[in-house]
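A short worksheet on the structure shown next.
Since every read-out is calculated from the coordinates, none of them should be taken as a lab result. Since the structure is predicted, the reported quantities are computational estimates derived from the model, not experimental observations. Using ideal geometry, Cβ is built from the backbone for each residue, glycine included, and neighbour counts are taken over all protein chains shown.
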Amino acid sequence: MLTIAGHLPRRDAFCDGISRRDVLRIGTLAALGTAGGWALPDILRAESLSGRKSPKSVIMIYLVGGPPHQDMFDLKPEAPKEIAGPWRPIPTNVPGFEICEAFPRLAGLADKLTVIRSLVGSQHDHSAIQVFNGHDPKKPKPSGGWPQFGTMVSKVHGPARPESPPYVSLCYTCTHGPYNEPGPGFLGAAHSPFRPLGETRDDMILNGVTLERLADRKSLLRGFDVIRRDIDQSSMMTGLDAFTEQAMGLLTSSKLAEALDLSREDPRTVARYGTGNPKIMMDANGAPRVPQSLLLARRLIEAGVRVVTLNYSKWDWHGGINAEGRANNSIFLREAEDFPIFDQCVSALVEDLHLRGLAEDCAVVIWGEFGRTPKISSIVGRDHWPQVNCALMAGGSMRHGQVIGATDRIAGEAVTRPVTFGDVYATLFHHLGIDAAQTTITDLNGRPQYLVEDNVRPIPELVA
């Protein structure tokens with residue numbers, strides 16, 4: 001816990017004479033991110049203020065490792081046993097719309113959901129790149145690489161409010177590098193996300209530093225800055241300037257702590273989402289299974305953040321013996337463990353957005369980097385399958401209560417209405433009021449680059 005003592009004029013004090021900035025507490029969730037992980041100061045300047053409408057926003061949930069589409073949202077009960085598996089579909093509150101029996105809460109919310117069963121163009125290898133920027137990593141890319149979705153939104157739209165960052169990442173750092181966010185690309189560090197779960201969170205301790213001393217240190221830092229910014233060709237100084245201002249803002253605002261402090265949330269709401277241990281990385285190298293990340297995302301959206309990304313658990317279930325050496329780690333044991341928790345926290349998020357009047361303004365997308373093989377392997381697992389994938393969407397003033405696309409009888413290939421990662425991102429840009437087919441951002445060589453690939457448009461079933 002961080003405490004900063006300070007002294008401010010009486011006009012800023014509460015009735016007991018203590019200034020709202022006399023004592024600033026920032027919890028164990030960090031105010032400092034990893035390298036390249038800053039965004040803007042003060043993550044929360046009260047969307048909770050009465051009468052303030054939240055900006056258009058997106059929550060993107062990455063299911064690390066590739067979820068099994070045919071066991072979740074595209075079941076094939078009539079297929080042979082080695083393909084169908086043990087799960088059975090159940091009806092939802094939308095006629096003809098069926099999902100896995102392990103998702104009864106989501107089944108009751110199907111009118112508020114869209115399942116895309118025909119997501120194509122995935123890569124075979126583990127890589128979070130497409131999930132976070134929508135671009136095919138095998139195609140040519142500009143120098144510096146493509147920016148992440150949130151980074152592009154930060155560049156095009158900037159913050160929705162001066163006191164809120166445009167982009168926050170709640171992603172935990174996985175030990176398997178390809179599972180992690182690819183970074184800001186050619187837009188550089190100044191548009192990186194703010195990362196309150198960064199590795200340096202335990203270093204956020206200022207023993208005996210008052211606000212006055214903090215201001216003195218800021219002045220001293222400026223005095224030492226003698227670098228010729230006019231010859232900086234890498235834009236690194238712009239990023240460093242942004243980091244400095246962000247750090248000062250974070251240290252002098254209690255709103256960050258309020259946004260990330262779940263003790264301020266109704267305990268019944270916290271229980272509805274569920275909680276997990278952020279220190280347990282699933283299967284050693286995945287993300288932790290932390291349902292409360294979805295609740296933190298909602299709180300940040302209420303604060304005016306435009307884009308929140310998070311990673312959730314690990315879904316790369318090949319079967320056999322797992323990383324801890326335990327035998328009989330079949331895909332179905334893991335599904336029986338993970339599916340009910342997923343059902344609980346995702347349904348809680350969807351319900352929460354609707355109950356709090358945020359569903360029209362906040363779009364949600366949940367997906368992984370590829371699908372899984374139709375045939376169950378000899379070690380009772382499903383392997384990588386780039387031919388077809390699925391995605392779950394909610395919110396955002398879209399037309400929900402539908403299934404988009406279809407696969408063949410074994411969920412191996414898309415047979416109708418193929419959808420790409422770029423199509424989904426064009427839809428999300430459209431929701432944010434950005435015409436991705438016309439809007440450009442300038443790369444390191446001064447060339448304008450479109451936000452999505454050629455011939456990519458918003459999904460008409462959702463937005464037309």
**FRET efficiency for ARG447 and GLU82, using Cβ-Cβ distance with R0 set to 56 Å, rounded to 0.05** = 0.65
**Prompt:** What is the list of residues in the stretch 87-124 whose amide nitrogen lies under 16 Å from a point 7 angstrom out from the Cα of ARG417, following Cα to Cβ?
**Reply:** 94-99, 110-120
**Prompt:** By how many nm would the segment from ASP454 to GLU101 lengthen if fully extended, with 0.36 nm per residue of separation less the alpha-carbon distance?
**Reply:** 123.2 nm
**Item:** Three-way shape call for the stretch 393-456 based on the alpha-carbon gyration tensor, with the a/c threshold at 1.5
**Value:** oblate
**Message:** Could you check the spin-label model distance between ALA284 and SER397? Points 7 Å from the Cα along Cα→Cβ, value in nm.
**Reply:** 4.9
**Message:** Among VAL115, PRO104, PRO80, whose Cα projects farthest towards the positive end of the dipole of the stretch 79-125, with charges put on the beta-carbon of Lys, Arg (+1) and Asp, Glu (-1)?
**Reply:** PRO104
**Message:** Give me the net charge for the shell around PHE186: Cβ to Cβ below 11 angstrom, other residues only, Lys and Arg +1, Asp and Glu -1.
**Reply:** +2
**Request:** Over the stretch 277-420, calculate the relative contact order: mean separation of alpha carbon pairs under 8 Å at least 6 apart, over the residue count, as a percent.
**Result:** 19
**Message:** When the expected Rg is taken as 2.2 N^0.38 Å, what fraction or multiple of it is the alpha-carbon Rg of the stretch 265-388?
**Reply:** 1.19
**Dmax and Rg, reported as Rg then Dmax, of the stretch 72-141 (C-alpha, Å)** = 15.8, 44
**Request:** Filter the GluC sites (Glu not before Pro) in the stretch 62-127 down to the DSSP loop ones having no more than 16 other Cβ atoms within 10 Å, then list what survives.
**Result:** GLU78, GLU101
**Projected label distance in nm at ASP125 and GLU337, using a 7 Å step from Cα toward the beta-carbon** = 2.8
**Item:** Listed residues LEU300, TRP315, THR275: farthest to the positive end of the dipole of the stretch 264-318 (Cβ charges)
**Value:** LEU300
**Item:** Shape parameters for the stretch 326-464, alpha-carbon atoms, Rg then Dmax in Å
**Value:** 18.3, 55
**Request:** May I ask you to compute the full-extension gain from SER263 to HIS354, defined as 0.36 nm times their residue separation minus their alpha-carbon distance, rounded to one decimal in nm?
**Result:** 30.6 nm
